[in-house]
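The values are calculated or read from the model by the stated rules, or taken from the named source; none is laboratory data. Source: prediction; values computed, not measured. For neighbour counting, all protein chains shown are included, and Cβ atoms are generated from backbone atoms with ideal geometry for every residue, glycine included. Please note that ligands, DNA and RNA were not included when accessible areas were found on the heavy atoms of the full protein model with its side chains. Shrake-Rupley method; radii C 1.70, N 1.55, O 1.52, S 1.80 Å.
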Amino acid sequence: MTNESKLTEMISGFEFTGDLIACEEIKVGHVNRTYRLTFRQADGSDRDYVLQSINTFAFRKPDELMENVQLVTQHLREAMIRRGENPDNRVLRVVPVKGGGVMRLDGDGGCWRAYDFITHAVTVNHVD
């Protein structure tokens, strides 16, 4: 299976909304392979997502990793809502897999996850 066909297969398995209009690899970062996906919504607006292939050498138990991600992000979102704040575009939201779950396996045993893209987020790649 080519990388492109694997990527297409993985995209089709998540509950993204709209029609895919762009896919670009995000080349910064050192651990996971990451893609920014843009989907055109029914109202004509665009919505971005992050799709990641989890590095299972670095994260040997991706199911436990994703369980922790779910727990932490859910806690943060609920705390913001209790304070009257909007967590959208400030706290990760895991995009579920079609049929349930938060992680998808490819034919080579690779693990994939997806999030809403957080606009205007800053990523630190090197700490001085």
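Structural remarks
- Count - residues of segment 70-109 that are in contact with a strand residue (DSSP E or B) (Cβ under 8 Å, 6 or more places away or on another chain), outside any loop (DSSP other than H, G, I, E, B) and either without any contact (Cβ under 8 Å) to a residue 40 or more places away in the chain or open to solvent by 50 Å² or more (accessible area, probe 1.4 Å) (or both): 5
- In this entry, residue 98 is excluded by the filter for residues that are out of contact with any Leu (no Cβ under 7 Å at 6 or more places or on another chain) and under 16 Å from residue 117 (Cα atoms).
- Residue in segment 49-56 that is assigned to a loop (DSSP other than H, G, I, E, B) and in contact with a strand residue (DSSP E or B) (Cβ under 7 Å, 6 or more places away or on another chain) present: yes
- Counting the residues of segment 47-64 that are open to solvent by less than 40 Å² (accessible area, probe 1.4 Å) and farther than 21 Å from residue 119 by Cβ gives 3.
- Selected residue (only one of 77, 104, 93 is closer than 23 Å to residue 59 by Cβ and touching an Asp or Glu at 6+ places or on another chain (Cβ under 6 Å)): 93
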